[in-house]
Every structure is written in C-alpha cells, then in structure tokens.
1. If you go through segment 121-137, how many residues are over 30 Å from Ala187 (Cβ atoms), under 18 Å from the mean Cα position of the chain (by Cα), surrounded by fewer than 19 Cβ atoms within 10 Å (Cβ to Cβ) and not charged (D, E, K, R)?
2. Can you find a residue in segment 157-164 that is assigned to a strand (DSSP E or B) and buried (at least 21 other Cβ atoms within 10 Å of the Cβ)?
3. What single numbered condition from (1) assigned to a helix (DSSP H, G or I); (2) over 19 Å from the mean Cα position of the chain (by Cα) fails to hold for Ile88?
4. Name the single residue, out of those in segment 38-55 being closer than 20 Å to Pro217 by Cβ and over 12 Å from the mean Cα position of the chain (by Cα), that is surrounded by the most Cβ atoms within 10 Å (Cβ to Cβ).
5. Considering only segment 71-87, state which residues are surrounded by 20 or more Cβ atoms within 10 Å (Cβ to Cβ) and either among the small types (Gly, Ala, Ser) or touching a helix residue (DSSP H, G or I) at 6+ places or on another chain (Cβ under 9 Å) (or both).
6. In segment 140-156, what residues are assigned to a loop (DSSP other than H, G, I, E, B) and of a type in the set (A, V, I, L, M, F, W, C)?
7. Can you say whether Ala123 is touching a Pro at 6+ places or on another chain (Cβ under 6 Å), more than 19 Å from Ile227 (Cα to Cα) and among the aliphatic types (A, V, I, L, M), as far as the supplied structure shows?
8. Residue check: is Ser145 of a type in the set (S, T, N, Q), more than 14 Å from the chain's Cα centre (by Cα), within 30 Å of Gly28 (Cβ to Cβ) and modelled with pLDDT of 95 or more?
Amino acid sequence: MRLHCLGTVGYHPNDSRHTSCYLLPESGILLDAGTGVFRLPGLIQTDSLDILLSHAHLDHTFGLTFLLDVVFERPLRMIRIWGESEKIEAVRQHLFHELIFPAELSAQWIAIDELDQWEIGDAKITWRHQEHPGGSVAYRIEWPSGKRLVYATDTSGDTSEEHTAWSREADLLMHECYFRDASKQWAIKTGHAWTSRVAEVAGQSNPKKLLLTHINPLETAEDPIEIEKIRAKVNSEVILAEDGMAVDF
C-alpha cells in the first residue's frame, strides 16, 4: 500500500506545507480534506473518492471547496464524505452556505454515528472517539491482505488500554505531533499531542511504521518536533511527514 501526503500541518498552511490531507490512491480513500486537496488530480487512480473526516475544523475540511476543480480536471463517478452527523451537517450548512460558496458540490454525505464498521471497496473501516475541542475521531483501515493503517489526528494522544488494543501493531500509525515537550501544557489545553506523549502512544501500540503528522505550521526547523526523542523510545520506523512524500507500508 502507498500513502501520499498532500498536506501535513495543522491550523494554517505555511511556505512548505498545506493543511491535513492524505490519499490512499489504490483504495480511493482521502483522509481529511485540508488545503492539500488541490494536489489530488494527478494522483487519483479510482473512479470514486471516499473522504474520511476526522472532524469539522477548517484545516481538515476547507479543501472540500476545492473539489469542483478536482473533478473538472479528473472526473469522478462518485464522491462520498464520511463523518459524524453533527460535523458533516456543520460543514454543509456553513462552509457550503450559498453566501460563502455559491456552487453545489455533488457528493453523498454519510454519517458514521450508528456504524460500527463499513467497507469501502475491499477496505474495512472502524473508528473511535478522541478528546479534542468539539471532538474528533480516529480511523482504522484494514485490507484483506492483512495491512492495517490507523489515523489519529487532533488528539492529545489516547493511552487507554482500549485504544491501545484497537490500534495495536498497525503497519502504519499516522499520529499527530503538533507540539514539542516544552509546550506540553498548551498541547493539553488545545487538545493536541506533544513529543513524549506520541512516543508513549506508539510505544504501547507498537506499529511497524510511525508517521508524524499535523505539525505546527510555526515550526519551520528541519526537526520541528524533536524526533529523536521518539525514535529513542519506540521500536518502530519513525518518519516525519512532509508534503509530497509517499509512504509505502
């Protein structure tokens, strides 16, 4: 399997990164729809697109308004947008309000609230609630080959036994790492993860690969998250997500 990183920061874009957006082209699955959506047309391999929204904040949904140009360049038979009912309704009522976006998006909006799991092609999807202002969800995607991906963003990092069992030994764990340890208190206040907490989560769940996502856009250093602290505490391959990167797992 291959994952394309189209947008890897949170809150707002910076000179080198757009906001949260990740594509699994073989399955036609997009994880969140931040401003990186504009990079989609040349990468789509399927005639449909399924978008899994972690929550409704703009850095994860604003790119939905780019889809008109995406389908103009790369026509699609179907677009489905999945998320909690309250979140997708907020996006539809506000982001796509006629005074903000005066064009209709041809898509199916599907609430996941009553779904324990569902299938997209041959991929099985499950989800869990996460603590974050307004709430967010983590997704687990599994394929018949046995490959497993867990996507956990906009979370302070769930170290519960239940979450650890649910996410254990993923081939790829995508986990946000917005703050360095020095900003731990601010991370807790805003519902985001910090370096040592991410190391703890990964150490418990033991993924084969750990992809660090949703970076603070104000952190523009080559190592914005003190990545060696994480590498020292986990047995996984640890990768800092960058726009344009493709990750095989």
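The values are calculated or read from the model by the stated rules, or taken from the named source; none is laboratory data. These figures come from a predicted structure and were not determined experimentally. Using ideal geometry, Cβ is built from the backbone for each residue, glycine included, and neighbour counts are taken over all protein chains shown.
1. Residues that pass the stated criteria total 0.
2. Filtering segment 157-164 down to residues assigned to a strand (DSSP E or B) leaves none.
Among the residues of segment 157-164, not one is assigned to a strand (DSSP E or B) and buried (at least 21 other Cβ atoms within 10 Å of the Cβ), which makes the answer no.
3. That leaves (2) as the condition not met.
4. Selected residue: Arg39.
5. Taking segment 71-87 and keeping what is surrounded by 20 or more Cβ atoms within 10 Å (Cβ to Cβ), we get 79, 81-84, 87.
Across segment 71-87, the qualifying residues are Ile79, Ile81, Trp82, Gly83, Lys87.
6. Hit for segment 140-156 is Trp143, nothing else.
7. no
8. yes
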